[in-house]
Amino acid sequence: MNKEVSITQTRIEDRIFTIRGMQVMLDRDLAEMYQVETKVLNQAVKRNIERFPEAFRFQLNQMEKAELVTNCDRLESLKHSSNTPYAFTEQGVAMLSAVLHS
């Protein structure tokens, strides 16, 4: 395996969380992956909201957000944010890719 591929794969694996019994990625991590601002990513989702049922995307509650901040140092900036992130399931990530590339 190519070293660069394994590093990228590891970076992605480090950004997958289990929340509500589902493996998800956060909007901020996906925005970084797609090289767009989180705000732009979420606006694209809102413009295509019918393509994102709750099985594809949901907003974290305050307790879930606090647990992420506690367990993941790189999410420290969320601690004092009034916004709670959105989490995307595997199907949501696939749909997001289609929406962002259209």
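Quick look at the numbers
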read-out	value
Close pairs from segment 50-62: first under 16 Å from THR18 (Cβ atoms) and among the aromatic types (Phe, Trp, Tyr), partner open to solvent by 60 Å² or more (accessible area, probe 1.4 Å) and outside any loop (DSSP other than H, G, I, E, B), Cβ under 7 Å, at least 6 apart	none
Positions within segment 21-40 being closer than 16 Å to PHE52 by Cβ and among the charged types (D, E, K, R), in sequence order	ASP27
Segment 58-81: number of residues that are in contact with a strand residue (DSSP E or B) (Cβ under 8 Å, 6 or more places away or on another chain), part of a helix (DSSP H, G or I) and open to solvent by 20 Å² or more (accessible area, probe 1.4 Å)	1
Of all residues making up segment 78-98, the number that are at pLDDT below 95 and either aliphatic (A, V, I, L, M) or more than 15 Å from LYS46 (Cβ to Cβ) (or both)	8
Pick from segment 1-41, criterion at pLDDT below 85 and not in a helix (DSSP H, G or I), ranking: least open to solvent (accessible area, probe 1.4 Å)	ASN2
Single condition ALA55 does not satisfy, out of (1) assigned to a helix (DSSP H, G or I); (2) over 22 Å from ASP14 (Cβ atoms)	(1)
In segment 82-91, residue farthest from MET63 (Cα to Cα) [restricted to those that are in contact (Cβ under 8 Å) with a residue 60 or more places away in the chain and either open to solvent by 10 Å² or more (accessible area, probe 1.4 Å) or not in a loop (DSSP other than H, G, I, E, B) (or both)]	GLU90
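The values are calculated or read from the model by the stated rules, or taken from the named source; none is laboratory data. Keep in mind it's a predicted model, so treat the numbers as computed, not measured. Cβ atoms come from the backbone with ideal geometry, glycine included; neighbour counts cover every protein chain shown. For accessibility, only protein heavy atoms count, side chains too; no ligands or nucleic acids. Shrake-Rupley method; radii C 1.70, N 1.55, O 1.52, S 1.80 Å.
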